[in-house]
Amino acid sequence: MRMDRRMFLGSAALGLTGLALPGCATTSSRPVTQTGCLPPVDVSADRIIRTLAGLRPYRPSGFVVRGEALGDKRLVHNYGHGGAGITLSWGSAKLAVDLGLPGHRGPVAVLGAGVMGLSTARLVQEAGFPVTIYTRALPPETTSNIAGGQFHPFGHFREEAVTPEWRRQFVAAVDYGWRRFQIMVGDDYGIRWLPTYVERNGPEYALLPTFPPVNRMLGPDEHPFPLESVVRYDTLYVETGRYLRQMIRDVQIAGGRIEVRGFATPAEIAALPEGLVFNCTGLGARALFGDTELRPARGQLAILLPQPEIRYAFTGEAGYMFPRADGILLGGTFELDQWSTEPEPGRIARIIASHQRLFGSFRCTA
Ligand SMILES: Cc1cc2nc3c(=O)[nH]c(=O)nc-3n(C[C@H](O)[C@H](O)[C@H](O)COP(=O)(O)OP(=O)(O)OC[C@H]3O[C@@H](n4cnc5c(N)ncnc54)[C@H](O)[C@@H]3O)c2cc1C
C-alpha cells in the first residue's frame, strides 16, 4: 500500500522552511462565484490572545502498541503518536486494550492522563475493569491540550521506517477512531465537522473508503485562496481543552481514580498493586523506558481572538488555521529535537506574517 508522504510528513517539514507562501501562488483578480467565497481570518499581531509551544512525541518507525512482561505484571505500551495523537487516540487505545485485557482479572493501571491515557482508561472501564490513572501531570498541563485537534493522521512516522505489521495497526487505529469520534460530535466534547481546504495538487491519500470524505480538487471559482491547487475534504476538529476536561469527567463518573504521581524507573511501576499496566506516557516514555528513537517535534501556535463566522480550516505552505471556540489556531512548525516549550517570538511573527499574506489575498470574501 502506498502512503502519500506529503500527507504524513511533507507538509510538516514545510514548517521548517520559513512558512513562506509558495512561488506558484497567484493573486489573480479573476471573479469568483459567490459559492466559492469565504470570510477571511482577521490576522494581526494585536489579535493574538496566547502563544504556545508543544512537543509532539515523534517516532520515525511509528507509535508503539506492544505488550511485555514487567516482573509478575503485564505491561502494554501505547505511546509515540507524533502529530497524530488526537486522531489515533481511540484506535490506538483499542489496539492496546485488545492486547492487554484478554485473560486479565482485577484492577488496571494506566500511566499518563493525556489523550492516550484517558482514552485507554475509558475503554478499560467500558470492558468492565476498575482503573486507576497514575500521572505526573493532569490536563491542562499535557501535550494533548496543546494539540490543534484536527482528525488527520499527520506527522507521526517516516515512510521508509515502518513495517507492514505496523501499517496494519495504523489503519486499524484510524478506522476505529474515525468511527468513535463521529459519535461524539457536539458541544459537550467540543467536536465538530469542518470543510478543510488544503494547498496540494491532488486529492488526499484515501486511507479508508470513508476517510477523508469529499476529497476533491477544487476549480478556481470554488475557493477564494490565492493558490494554484486547492483540495477540499471534510473532517472532524476537536477543541482539545474542552474535550480532555470532559474525558476526565467520564473517567471519574465511571468510578475511575486519578493519582498524581511521577515514575522515574520501570521498577517503580513494577511495585504498583495492579497486575496490568498501560504505559501512555507520551514523550515521557523516552526517559522512563529508554526509547531513544522517541524525539520531540516541537510545534508553535499563535492563537487569535475567536471568529465564530470562520467555519472552515486550512493547511498549506503558509501553515495551518483551525478555527475553534477558544480561538483561531495558527501553526505550522515541526521542529525536531527542540525541547523548549517556550514559544519563540520570531517564529510566532513568521506564522502571523504568512497567514496575514494568505488571508489578505483572498480573491473574494463572503
Ligand atoms: C502544536 C501541536 C499541534 C498538534 N495538532 C494535532 C492535531 O491537530 N491532531 C492530532 O491528532 N494530534 C495533534 N498533535 C499531537 C498530539 O498532541 C500528541 O500526539 C498527543 O497529545 C500525544 O498524547 P499522549 O497522551 O501520548 O501524550 P501527552 O499528552 O504528553 O500525555 C502524557 C501523559 O503522561 C504523563 N507522564 C509522562 N511521563 C510520565 C512519568 N514518567 N510518570 C508519570 N506520568 C508521566 C504526563 O504527565 C501526561 O499526563 C499536536 C501536537 C502539537 C504539539
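For the range 173-180, 3J(HN,Hα) computed residue by residue from phi via the Karplus equation (6.51, -1.76, 1.60; θ = phi - 60°) reads 5, 5, 4, 5, x, 4, 6, 5 Hz, glycine and proline entered as x.
By the gyration tensor of its Cα atoms, with a ≥ b ≥ c the square roots of the eigenvalues, what is the shape of the range 238-366: rounded for a/c under 1.5, prolate for a/b over b/c, or oblate?
Taking the square roots of the gyration eigenvalues as a ≥ b ≥ c, the range 238-366 is oblate.
Need one word for the chain: rounded, prolate or oblate. Basis is the Cα gyration tensor (sqrt eigenvalues a ≥ b ≥ c); a/c below 1.5 gives rounded, then a/b vs b/c decides. Cα axes put the chain in the prolate bin. In plain terms, the chain from Leu138 to Leu70 could stretch by 22.0 nm, reckoned as 0.36 nm per residue minus the Cα-Cα distance.
Along the range 260-269 the Karplus relation, 6.51 cos²θ - 1.76 cosθ + 1.60 evaluated at θ = phi - 60°, assigns HN-Hα couplings of 7, 6, x, 10, 9, 9, x, 4, 5, 5 Hz to successive residues, with x for each Gly and Pro. Straightening the chain between Met217 and Asp42 buys 60.4 nm, computed as 0.36 nm per residue apart minus the Cα-Cα spacing. Listed by Cβ neighbour count within 10 Å, with the fewest neighbours leading, Tyr205, Tyr320 appear as Tyr205, Tyr320.
Rule-based calculations on the coordinates, nothing more; no lab input. A quick note: this is a predicted structure, and the numbers were derived from the prediction, not measured. Backbone-built Cβ (ideal geometry, glycine too); neighbour counts: all protein chains shown.
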